[in-house]
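So the structure is just underneath, and the comments pick up after that.
The values are calculated or read from the model by the stated rules, or taken from the named source; none is laboratory data. In this text the structure is predicted, and so the values were computed from the model without any measurement. Every residue, glycine among them, receives a Cβ derived from its backbone with ideal geometry; neighbour counts consider all protein chains shown.
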Amino acid sequence: MRFAAPAAALAMVLAITASVGSGAERVSDPRAAALVAEGRAALAAGQPEKAVDAFEAALTVDPGDTGIVLELAEAARRNGLQGKAIRYYRSALARDPANLAALSGEGAALVEKGAVDKAKRNLARLQSMCGDGCAETRSLAAAIAKGPQARVLTAEAVLPDATVTQQN
């Protein structure tokens with residue numbers, strides 16, 4: 001019984017210390033920041049494959065940085081890999097469910113893939129979180145208004161009907 005008060009005080013100090021430590025601003029690794037800058041430059045140069053490589057390397061260096069995951073998702077979208085981009089956006093949303101950029105990006109990727117109804121759900125969430133005036137809401141609304149991308153027809157999809165005739 002005489003240890004109850006000191007134990008409670010110690011538990012309180014540990015709880016406060018833990019909450020202060022987790023609320024601190026996150027500092028990005030400088031190596032990851034250099035790789036992110038390299039990836040952004042590659043995206044600006046129209047080289048999404050190089051950008052993906054740089055962002056994946058940055059994510060390896062600093063796996064806790066949600067911003068890198070968002071950059072990787074954007075590079076995947078520009079590379080035409082909307083499904084992969086959606087997976088990255090959902091990973092960012094699992095880390096931070098209130099991430100407006102991830103919600104908007106996922107919605108835009110969904111529109112590009114043709115899932116406009118799902119994108120409208122993201123738009124509704126964005127409108128409830130930040131209203132119609134924030135940039136993410138306007139961006140997703142514009143993507144929905146533009147509609148899905150036109151499908152690219154491949155040569156395999158247009159193979160001629162093969163008919164076999166027997167020659168005598």
Can you pull out the residues in the range 117-142 that are closer than 20 Å to Arg78 by Cβ and of a type in the set (A, V, I, L, M, F, W, C)? Ala119, Ala135, Leu140, Ala142
Scan the range 98-119 and tell me whether some residue there is under 28 Å from Ala33 (Cβ atoms), over 11 Å from the mean Cα position of the chain (by Cα) and at pLDDT below 90. yes
Looking only at residues in the range 86-116 that are of a type in the set (D, E, K, R) and touching a Pro at 6+ places or on another chain (Cβ under 8 Å), which one is nearest to Gln149 (Cα to Cα)? Glu112
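Yes/no per residue for (1) small (Gly, Ala, Ser); (2) within 30 Å of Asn79 (Cα to Cα); (3) at pLDDT 90 or above:
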residue: Met1; (1), (2), (3): no, no, no
residue: Thr17; (1), (2), (3): no, no, no
residue: Glu25; (1), (2), (3): no, no, no
residue: Ala32; (1), (2), (3): yes, yes, no
residue: Val36; (1), (2), (3): no, yes, yes
residue: Gln47; (1), (2), (3): no, yes, no
Residue match in the range 129-146 (condition: closer than 30 Å to Pro30 by Cα, modelled with pLDDT under 90 and out of contact with any Leu (no Cβ under 8 Å at 6 or more places or on another chain)): yes
Only one of Ser104, Ser91 is surrounded by fewer than 17 Cβ atoms within 10 Å (Cβ to Cβ) and of a type in the set (Ser, Thr, Tyr), namely Ser91
